[in-house]
Amino acid sequence: MTENTERIKCLILGSGPAGLTAAIYTSRADLKPVLYEGLQPGGQLTITTDVENFPGYPDGVNGTEMMEQFKRQAERFGTDIRWGLATSADLSQRPFKVIIDEEKTIIADIIIIATGSSAQWLNIESERRLNGFGVSACAICDGFFYRGLDVAVVGGGDTAAEEATYLSKICRKVHMIVRRDVLRASKAMQQRVFDTPNIEIHFNHVTKEILGEKTVNGVLMTNVKTGEDVKLDISGFFVAIGHKPNTDIFEGQLELDENGYIITKPGSTQTSVEGVFAAGDVQDHVFMQAITAAGSGCMAAIEAERSL
């Protein structure tokens with residue numbers, strides 16, 4: 001075995017709630033897990049300011065702070081947490097081979113994939129600057145902060161329709177900014193939007209700029225047919241144009257659905273390859289919450305221990 005090759009029992013990829021919960025459980029089971037944090041240590045919660053819906057935090061908690069607490073708990077039980085990104089993998093035979101940062105080879109008996117998914121963004125400067133300060137990609141996570149206020153949702157698919165409908169129950173008014181002249185959402189979701197009186201749809205519009213210095217106070221959108229700019233006064237801006245699971249290195253090796261999410265056996269975190277488990281948003285495009293990710297991380301760890 002070369003200097004740049006390491007043999008371990010359990011490899012965990014990802015450091016969000018799923019990965020770190022799996023680390024806590026596998027450490028306590030003496031599987032001596034090695035966890036690689038990936039490009040975004042702590043996962044998507046680190047771009048969330050306040051988390052108010054995770055049990056055990058009656059006063060809420062900063063997302064980054066919460067993930068630091070997860071990390072400290074995993075380290076307390078002996079998890080070897082490292083900076084690094086899995087850049088390729090060979091799952092054709094067990095033990096499995098994963099390359100970290102294109103140079104270090106990890107050979108593992110068990111892999112728990114908790115690489116999550118990444119929200120797709122508009123990629124405009126004001127969106128990046130105000131992310132976490134009025135800009136969000138999760139209505140269930142952050143909608144509560146805008147109760148009684150006006151907000152905007154950008155997108156025309158099922159995700160946007162679901163976010164807008166959810167926000168309509170909390171907010172005074174919800175503006176949907178839709179690039180096309182129709183919604184792409186399913187007929188049932190479209191009807192739900194159309195039947196909600198405090199949702200206003202702005203067809204044929206794109207976001208030009210999100211307004212505000214320290215927090216969002218408006219959005220400037222452009223009519224794609226006339227070129228006219230229209231300003232809306234809002235307090236929250238929700239991007240709902242979809243998520244992309246971080247599964248590129250597993251294409252052709254694991255069974256994925258049409259959108260790239262890892263398919264696991266019903267009631268299990270077991271993937272199509274025995275000994276490889278998936279937890280959190282990388283296999284869940286329905287709930288996508290910290291609490292459900294943590295729960296599936298627990299499941300993956302228990303199943304991993306039983307598989308040895």
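Which of the numbered conditions does T264 fail, given that it passes all the others? Conditions: (1) in contact (Cβ under 8 Å) with a residue 60 or more places away in the chain; (2) outside the structural domain of L130 (by TED's automatic domain parsing); (3) hydroxyl-bearing (S, T, Y).
Condition not satisfied by T264: (1).
Here is a list of conditions, (1) more than 25 Å from V61 (Cα to Cα); (2) touching a residue at least 12 places away in the same chain (Cβ under 8 Å), and L167 meets all of them except one; can you say which number that is?
(1)
If the Cβ limit is 6 Å and pairs must be 6+ apart or interchain, which residue in region 5-26 that is touching a residue at least 60 places away in the same chain (Cβ under 8 Å) and closer than 15 Å to G84 by Cα pairs with which residue that is polar (S, T, N, Q) and part of a strand (DSSP E or B)?
Between residues of region 5-26 that are touching a residue at least 60 places away in the same chain (Cβ under 8 Å) and closer than 15 Å to G84 by Cα and residues that are polar (S, T, N, Q) and part of a strand (DSSP E or B), the close pairs are T5/T105.
Inside region 265-307, can you point out the residues that are closer than 17 Å to G252 by Cα, of a type in the set (A, V, I, L, M, F, W, C) and surrounded by fewer than 24 Cβ atoms within 10 Å (Cβ to Cβ)?
The answer is V273, and nothing else.
If Y57 passes every condition in (1) more than 23 Å from I110 (Cα to Cα); (2) within 19 Å of the chain's Cα centre (by Cα); (3) not small (G, A, S) but one, which one does it miss?
For Y57, the failing item is (2).
Being surrounded by fewer than 23 Cβ atoms within 10 Å (Cβ to Cβ), aliphatic (A, V, I, L, M), modelled with pLDDT of 95 or more and in contact with a strand residue (DSSP E or B) (Cβ under 9 Å, 6 or more places away or on another chain): is that true of I110 here?
So I110 fails the test.
So in region 72-93, with the set limited to residues that are in contact (Cβ under 8 Å) with a residue 40 or more places away in the chain and assigned to a loop (DSSP other than H, G, I, E, B), which one is surrounded by the most Cβ atoms within 10 Å (Cβ to Cβ)?
Per the criteria, the residue is T79.
If you check G148 against the conditions, is it buried (at least 18 other Cβ atoms within 10 Å of the Cβ) and at positive phi?
Numbers: buried (at least 18 other Cβ atoms within 10 Å of the Cβ): no; at positive phi: yes.
When the stated conditions are applied, G148 does not pass them.
Modelled with pLDDT of 95 or more, closer than 30 Å to E274 by Cβ, surrounded by 16 or more Cβ atoms within 10 Å (Cβ to Cβ) and of a type outside the set (V, I, T) - does that describe any residue in region 55-71?
Yes - at least one qualifying residue is present in region 55-71.
Counting residues that are within 26 Å of the chain's Cα centre (by Cα) and not polar (S, T, N, Q), which strands (runs of 3 or more DSSP E) fully inside region 146-255 reach at least 1?
On the way: elements: 150-154, 173-177, 199-202, 205-211, 218-223, 229-232, 236-239, 243-245.
It comes to 150-154, 173-177, 199-202, 205-211, 218-223, 236-239, 243-245.
In region 31-54, what residues are under 30 Å from K97 (Cα atoms), loosely packed, with under 15 Cβ neighbours inside 10 Å and not hydrophobic (A, V, I, L, M, F, W, C)? Break it down into steps so the answer makes sense when it comes.
First pass over region 31-54, keeping only residues under 30 Å from K97 (Cα atoms): 31-46.
Right, trim to loosely packed, with under 15 Cβ neighbours inside 10 Å and you get 32, 39.
Once the filter is applied, which keeps residues that are under 30 Å from K97 (Cα atoms), loosely packed, with under 15 Cβ neighbours inside 10 Å and not hydrophobic (A, V, I, L, M, F, W, C), region 31-54 yields only K32.
The values are calculated or read from the model by the stated rules, or taken from the named source; none is laboratory data. Given the structure is predicted, the values throughout are model-derived calculations rather than measurements. Every residue, glycine among them, receives a Cβ derived from its backbone with ideal geometry; neighbour counts consider all protein chains shown.
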